[in-house]
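Notes to accompany the following structure.
The values are calculated or read from the model by the stated rules, or taken from the named source; none is laboratory data. All figures in this text were calculated on a predicted structure; none of them were measured in a lab. Backbone-built Cβ (ideal geometry, glycine too); neighbour counts: all protein chains shown.
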Amino acid sequence: MKNKLFAVWVSLLAAFAAHAVAVDEKPLEDPALEAQARALMKEIRCLQCQNQSIEDSNADIARDLRALIRERIALGDSPENVKSYLVDRYGDWVLLKPPVKSSTYFLWGSPFFVVLIIAFLLVRRKQSQSVAAPLSADEEARLQELLEREQ
Amino acid sequence: MSRFVPLIVVAALVALFLGMMLSDRNPNEIDSVLIGREAPEFSLASLDDASPALTQADLSTGKPVLVNFFASWCVPCRAEHENLMRLAGDYRVEVIGIAYKNEKDQAIGFLNELGNPFSKTGLDLDGRVGIDWGVSGVPETFLIDGDGIVRYRHWGPIVGDSLETRLLPELEALR
Amino acid sequence: MAGEIGHFALLLALMFALVGATVPHIGAARGNAAFMALADRAILAQFAMAAVAFAALTYAFVTSDFSVVNVATNSHTLKPLLYKISGTWGNHEGSLLFWVLNLTLFGALVSWRGRKLPLRFRSRVLAVQSTLILGFLLFIIFTSNPFLRLDPAPFEGNGLNPLLQDPGLAFHPPMLYLGYVGLSVAFSFAVAALIEGEVTPLWARWVRPWALLAWVFLTGGIALGSWWAYYELGWGGWWFWDPVENASFMPWLVAAALLHSAIVVEKRDALKSWTILLAIIAFSLSLLGTFVVRSGVITSVHAFANDPARGIFILAFLAIVVGGSVTLYAWRAPKLAPSGLFGVVSRESALVVNNIFLSTFAAVVLVGTLYPLFVEASGAGQISVGPPFFEYAAAVLMSPLIVALGIGPLLAWKRGNVSRSVQIVFPALIVGFVAAIVLVWRTSGDFVMTAFGLGLAAWLVSSVLLEIANRLRLRKGASIASALRKITRAQWGMSMAHMGLGFILLGITISEAFTTEELTVMAPGDTVDVAGYDFTFEGVAPIVGPNYTAVRGFFTVYEGETILTSLMPEDRVYSNPVMTTTEAAIYPLFSGDLYAVIGEAASSGRWSVRLYFKPMISGLWLGAFMMMVGGVLSLSDRRLRIGLPTGRKARVSGASA
């Protein structure tokens, strides 16, 4: 009885899930190569699901690209080569880590110069009221004058 | 002057957003890198056993050609199919179909059911040719000029007014 | 009927908001007390009407009244009650109504708790709050009315996105919204102060609890969302730097900066215009988040179905509210002359450092989130900015912050003694170095960045402990118990929150570097070793839920010979709408989480599975929880409660969180 229910249900599931031709997903035998492939997958953006890497996406195209990456890495391709292979087909868009070039200098530099700007804004404001600022000659004279008048 | 910094930043952001919203871009759409380049090399078995394999050479015919990636499991493909039939019939464009990650008999069943607008077909069972073309999902349609250079890529189904406002003007420009 | 009542209540609320946003300003300008006092009544009336409208919508959802379009498109009779209720705020229109409800609620709370505020100032604050409510109400009524009718009513609704049908996600949006809206109070206080042209230490005292409350909610909301992603998406990830996640993270960072800078205003009467700016920015970023989700400008997994008319409306609203307030700031900021002075080495300076890094990080996250738009607008093509960039920014900007965080609380106000403070935390420095060196040595130098993160976390946690110990030591002679009692709740709160940050850093660093993962295909009876734990796959069984079917995998986990636990991950297929979701099975151990996911059926009765051991990942949730507890402790400190008179004594001993 239970088995029969199971069979019916599996066929139902199949009706929903039997979309595209699926690729069997297996990690590479060599753990070092697999680690290389996985690191690369983290940096490749999924084309269907938006803002996820292909490493953590269920989308069909993500699975295909994972298979492709494993295949090329297994064939001895360097991660850099595989990356440029993908950029050739999908453009810089596919890289979650934008390449350093003239259009991204501002981006990569932003932590450094924003910190300088904000520090400048905050510290300059503070210095204008710095404790240690000595009195100018003028102020000194006026102070003297006031003190004398007090007496 | 530092007190004006926030105002300037806010004004710039509002301008950016406004510009982005007024341009009719689809934020999901990824530009094709193929535009202006020769179509990638490939060779795919035809859905029709009698025909020879579909290759890159079939695309440079001296006349504009459309290459449509489709699949029987893809719902938007059904939606655009009527327009593909019109393109092949009313507008007399050669349309080539590539069944993307689709079992052969299912793809044939799909064409038998809805009509076949394609002059030639290819079967991309593992989706690798799709990747070479930069396809992110089906349907996608490429417009190729007489010399085999990709001129335009239509992302998503050709439905609504996108046939008249987008694809046809591109097509006319090549004729 | 409920629909009409709700709609009518919205229109009435709009009238009250119109009155509340204008009349009090006239009163304040002319010195008319009756006009000013109207602000309180107007805000209460708005709250009452918003509550009626929200109750009406909730009623429609609970009774599955499909003659209301919003219910028909977002609910379903088979949905469990909890998700019928959470469905109320789980859609665009309902979430806006929820915003309005909270804006009015917080306004009413200000009116209630702020009796001690000068009438003139209170009426300005409430008038600004009413302006915000007015904007949201106009938006709802003109573009996103949740009470539109559908004729004929369908027999069944479309259902709620199954991903949202989850306890974590039922409460994640309302928590975030409460945080965002809590920041609206700080915003209203800031704008009112700019209009009045005066910021006093008392102002900071009033604002801080609201900012703290908002920050606690934001912390909870973000943590819930992150936890949800961790167990529901099934990849073991918990943060993706998605634009919408960033949209909640930026206000959180700025709110954290605001909490700290408000202390400087309160104690030292300095950093005034900066604090005002932070209050404006914190809420503006909350609005930006709302904009990002609904405008369709940026793609995100979280985006609501978007509609250009709505986008334009929100952009206009954003331009008016944010643009107006920063214009006001540019005009009035010079009036806010600082009077407090402090030395280069002092608690104030440490808090300035905190503010520099927190606000820079927020700004850089904004740059990263919007950068693809800049590049595209400038015609340089399409790029993506993903986790690698944000992780780099976090490392660059958070490391100096954490180093400073270890010392900051030990520095005295006005003029601190750096060598004495360093002396106190010196052991923490050693602990940090030793932790880092041991890690480098044990991993033969493969994990330098991890060692750095671990060192920072160890430094932070131990310096917080040393700081508490130092407070105890200051009270020589007193028994430990009485010395402990002398430490104020605000101080405990600060230590808790800082230590929470340390645990979060520990969790991130260790789990990122040392997660063990097995992606494999298993047949029933197979065993896989994951980080020393043996996962035996027992098989799968079909499950039928109220509105889904699922395949449930059974794993028994052994540690050596003993059975540790069984894990039952599910792969669900929801019926309305049809969608697959993954339910990871997680067993938290002290050392880390055992995590199992069942994938698809492979050939010959085998199933693809993903098994993980994620060491120290609980540090994330524990740390976030500690931050919240710290915030609540600090809130419960008598001296922070608004309206309560404060004794001189409390002030003197009041070093604070």
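Do the conditions hold for C:Leu103, that is, is it without any contact (Cβ under 8 Å) to a residue 60 or more places away in the chain and outside any loop (DSSP other than H, G, I, E, B)? It is false that C:Leu103 is without any contact (Cβ under 8 Å) to a residue 60 or more places away in the chain and outside any loop (DSSP other than H, G, I, E, B). Scanning the range C:515-530 turns up one or more residues that are of a type outside the set (D, E, K, R), surrounded by 22 or more Cβ atoms within 10 Å (Cβ to Cβ) and assigned by TED's automatic domain parsing to the domain that holds C:Thr565.
The rows are residues; the columns are (1) surrounded by fewer than 16 Cβ atoms within 10 Å (Cβ to Cβ); (2) out of contact with any Pro (no Cβ under 8 Å at 6 or more places or on another chain).
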{"residue": "B:Leu111", "(1), (2)": "no, yes"}
{"residue": "B:Gly115", "(1), (2)": "yes, yes"}
{"residue": "B:Leu123", "(1), (2)": "no, yes"}
{"residue": "B:Ile131", "(1), (2)": "no, yes"}
{"residue": "B:Val150", "(1), (2)": "no, yes"}
{"residue": "B:Gly156", "(1), (2)": "no, no"}
{"residue": "B:Thr165", "(1), (2)": "yes, yes"}
{"residue": "B:Pro169", "(1), (2)": "yes, yes"}
{"residue": "B:Glu172", "(1), (2)": "yes, yes"}
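Can you find a residue in the range C:364-373 that is among the aromatic types (Phe, Trp, Tyr), touching a residue at least 12 places away in the same chain (Cβ under 8 Å) and surrounded by fewer than 20 Cβ atoms within 10 Å (Cβ to Cβ)? Looking for residues that are among the aromatic types (Phe, Trp, Tyr), touching a residue at least 12 places away in the same chain (Cβ under 8 Å) and surrounded by fewer than 20 Cβ atoms within 10 Å (Cβ to Cβ), one finds none in the range C:364-373, hence no. The residues of the range A:88-116 that are within 7 Å of another protein chain (Cβ to nearest Cβ) and within 14 Å of C:Val365 (Cα to Cα), listed by number, are A:Leu107, A:Ser110, A:Pro111, A:Val114, A:Val115. Would you confirm whether or not the range A:74-87 contains a residue that is small (Gly, Ala, Ser), facing chain C (nearest Cβ under 7 Å) and part of a helix (DSSP H, G or I)? Within the range A:74-87, not a single residue is small (Gly, Ala, Ser), facing chain C (nearest Cβ under 7 Å) and part of a helix (DSSP H, G or I). Consider C:Ser444 carefully, then state whether it is not assigned by TED's automatic domain parsing to the domain that holds C:Leu277 and not in a helix (DSSP H, G or I). Judged against the criteria, C:Ser444 is a match. With respect to the stated conditions, C:Val353 fails to be away from chain B (no Cβ under 14 Å), farther than 15 Å from B:Val10 by Cβ and over 30 Å from the mean Cα position of the chain (by Cα).
Rundown of residues vs (1) over 24 Å from the mean Cα position of the chain (by Cα); (2) farther than 21 Å from C:Leu97 by Cα; (3) among the acidic types (Asp, Glu), yes/no style:
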| residue | (1), (2), (3) |
| --- | --- |
| C:Leu163 | no, yes, no |
| C:Phe171 | no, no, no |
| C:Ala193 | yes, yes, no |
| C:Gly197 | yes, yes, no |
| C:Val207 | no, yes, no |
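Is it true that B:Ala11 is part of a helix (DSSP H, G or I), more than 14 Å from every other protein chain (Cβ to nearest Cβ), hydrophobic (A, V, I, L, M, F, W, C) and surrounded by 14 or more Cβ atoms within 10 Å (Cβ to Cβ)? For B:Ala11, the condition - part of a helix (DSSP H, G or I), more than 14 Å from every other protein chain (Cβ to nearest Cβ), hydrophobic (A, V, I, L, M, F, W, C) and surrounded by 14 or more Cβ atoms within 10 Å (Cβ to Cβ) - is not met.
Going by the conditions given, is C:Leu18 in contact with a Pro (Cβ under 6 Å, 6 or more places away or on another chain), outside the structural domain of C:Arg294 (by TED's automatic domain parsing) and modelled with pLDDT of 90 or more? Against the criterion (in contact with a Pro (Cβ under 6 Å, 6 or more places away or on another chain), outside the structural domain of C:Arg294 (by TED's automatic domain parsing) and modelled with pLDDT of 90 or more), C:Leu18 does not qualify.
So which helices (runs of 4 or more DSSP H) stay within the range C:307-395 end to end and still have 1 or more residues that are closer than 22 Å to A:Tyr105 by Cα? Because the criterion is at least 1 residues that are closer than 22 Å to A:Tyr105 by Cα, the helices (runs of 4 or more DSSP H) in the range C:307-395 that meet it are C:347-377.
Restricting C:Ala51, C:Ala42 to residues that are modelled with pLDDT of 95 or more and touching a Pro at 6+ places or on another chain (Cβ under 8 Å) narrows the list to C:Ala42. The residues of the range C:313-338 that are more than 7 Å from chain B (Cβ to nearest Cβ) and hydroxyl-bearing (Ser, Thr, Tyr) amount to a single one, C:Ser325.
Looking at the range C:519-549, which of the residues that are in contact with a Ser or Thr (Cβ under 9 Å, 6 or more places away or on another chain) and within 28 Å of C:Pro80 (Cβ to Cβ) is modelled with the lowest pLDDT? Here the residue is C:Asn547.
Among the residues making up the range A:27-48, those that are part of a loop (DSSP other than H, G, I, E, B) and either modelled with pLDDT of 90 or more or facing another protein chain (nearest Cβ under 7 Å) (or both) are A:Pro27, A:Glu43, A:Leu47, A:Gln48. Residues of the range C:223-243 that are surrounded by 22 or more Cβ atoms within 10 Å (Cβ to Cβ), of a type outside the set (Ser, Thr, Tyr) and assigned to a helix (DSSP H, G or I): C:Ala223, C:Leu224, C:Gly225, C:Ala229, C:Pro243. How many residues are under 26 Å from the mean Cα position of the chain (by Cα), within 14 Å of chain A (Cβ to nearest Cβ) and of a type in the set (A, V, I, L, M) if we restrict to the range C:578-598? Counting residues in the range C:578-598 that are under 26 Å from the mean Cα position of the chain (by Cα), within 14 Å of chain A (Cβ to nearest Cβ) and of a type in the set (A, V, I, L, M) gives 1.
Out of the residues in the range C:358-373 that are within 7 Å of another protein chain (Cβ to nearest Cβ) and under 25 Å from C:Arg268 (Cα atoms), which is nearest to the chain's Cα centre (by Cα)? For the range C:358-373, the residue satisfying everything is C:Ser359.
Does any residue of the range C:410-428 turn out to be touching an Asp or Glu at 6+ places or on another chain (Cβ under 9 Å) and among the charged types (D, E, K, R)? The answer is yes, given that some residue of the range C:410-428 is touching an Asp or Glu at 6+ places or on another chain (Cβ under 9 Å) and among the charged types (D, E, K, R). The residues of the range C:17-69 that are closer than 24 Å to C:Phe139 by Cβ, assigned to a loop (DSSP other than H, G, I, E, B) and either of a type in the set (Phe, Trp, Tyr) or touching a Lys or Arg at 6+ places or on another chain (Cβ under 8 Å) (or both) amount to a single one, C:Ser67.
Scanning the range C:554-577 for residues that are of a type in the set (Val, Ile, Thr) and either away from chain A (no Cβ under 14 Å) or loosely packed, with under 15 Cβ neighbours inside 10 Å (or both) turns up C:Thr556, C:Val557, C:Thr562, C:Ile563, C:Thr565.
Within the range C:223-280, the set of residues being more than 10 Å from chain A (Cβ to nearest Cβ) and among the hydroxyl-bearing types (Ser, Thr, Tyr) comprises C:Ser226, C:Tyr230, C:Tyr231, C:Ser248, C:Thr275.
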